[in-house]
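Notes to accompany the following structure.
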Amino acid sequence: MRQSIQKHNPQAEFYLMPYPPIIFATGNSHKVQEVKNLIGEEYHFKTLNEINWSTEIIEDGTSFHQNALIKAKTIYDAGNPIVVSEDSGIVVKALDESPGIFSARWADMHETSLDNNGLLLEQMQGKTDRSAHFVAVVCLIINGEVTFFEGRWEGRLATQVDGTTGFGYDPIFIPNGYDKSTASLGQSIKQKESHRTQAFLKFKTYWESKFQNLK
Ligand code: IMP
């Protein structure tokens, strides 16, 4: 999906040099390292901490796309010509597509003593359809041109927490084709197949085609 927003400088094609710095609109350096491990160390990402950005970005969109755009555009509007952001979460069919964009704060929103995984398992009690998927939407802005890349990882919810690797909902998500949770399968499966991997591989293909004649 493509759209255009205001350019910082219509003549600024000098930004399009091989491997120009890309501001990754996240404070999570682990996420950045995960992405570099996947697409290559030559990508010159800078986190928000590295550009001394400390203001909270309010993600009040109603979709993964909107929230990814809010994050990227906030940093772009602050004067950074190349910005990438990512918004992700888990979507559960039997819960009317929840938690979705509220995945990170699902338990907080319900004022429960349970954590996100415990709450989701409780909400799934008695449901026969346990299908779920992870979504990742990556938003790239290059000098006013906005491009989105999506990934989707299909699976189902486990009936109990299992495994210790990864983060978030990994201990209760069983990807299609497996019978163990992502947290139990280990990171190599995730690195090969996940929603984030799919989205960032599309980003890499796009980036390389855009910059190929400059290398
Ligand atoms: P954010 O986009 O980093 O804010 O992540 C949103 C939330 O979705 C995270 O806090 C996790 O709860 C969940 N989530 C996103 N991706 C994953 C994943 O790969 N594994 C487990 N949970 C995830």
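The values are calculated or read from the model by the stated rules, or taken from the named source; none is laboratory data. None of the values given here were measured: they were computed from a predicted structure. Here the Cβ is made from the backbone with ideal geometry for all residues, glycine too, and neighbour counts use every protein chain on show.
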inquiry  = Can you say whether Thr182 is touching a helix residue (DSSP H, G or I) at 6+ places or on another chain (Cβ under 7 Å) and crowded, with 18+ Cβ neighbours inside 10 Å, as far as the supplied structure shows?
reply    = yes
note = Out of (1) under 13 Å from Ala25 (Cβ atoms); (2) under 17 Å from the mean Cα position of the chain (by Cα); (3) among the hydroxyl-bearing types (Ser, Thr, Tyr); (4) not in a helix (DSSP H, G or I), the one Thr55 does not meet is (2)
ask   = Of Glu86, Glu50, Glu97, which residue is without any contact (Cβ under 8 Å) to a residue 12 or more places away in the chain, under 23 Å from Ser29 (Cα atoms) and of a type in the set (Asp, Glu)?
value = Glu50
task = Could you look through region 120-154, keep only residues that are within 13 Å of the ligand (Cβ to nearest atom), surrounded by 20 or more Cβ atoms within 10 Å (Cβ to Cβ) and over 18 Å from Trp106 (Cα atoms), and pick out the one that is farthest from the chain's Cα centre (by Cα)?
result = Trp153
task = Mind counting the residues in region 185-215 that are without any contact (Cβ under 8 Å) to a residue 40 or more places away in the chain, within 12 Å of the ligand (Cβ to nearest atom) and surrounded by fewer than 20 Cβ atoms within 10 Å (Cβ to Cβ)?
result = 2
remark   = Subset of region 172-191, residues more than 18 Å from the chain's Cα centre (by Cα) and modelled with pLDDT of 95 or more, comes to Ile172, Ile174, Asn176, Gly177, Tyr178, Asp179, Lys180, Ser181, Ser184, Leu185
query = Regarding Thr26, is this residue farther than 20 Å from Thr205 by Cβ, crowded, with 16+ Cβ neighbours inside 10 Å, within 15 Å of the chain's Cα centre (by Cα) and not aromatic (Phe, Trp, Tyr)?
reply = yes
key: Restricting region 58-68 to residues that are in contact with an Asp or Glu (Cβ under 9 Å, 6 or more places away or on another chain) and modelled with pLDDT of 95 or more, the residue that is nearest to Val135 (Cα to Cα)   = Phe64
remark   = Across region 158-182, the tally of residues that are of a type outside the set (S, T, N, Q), within 17 Å of Gly89 (Cα to Cα) and touching a strand residue (DSSP E or B) at 6+ places or on another chain (Cβ under 8 Å) stands at 7
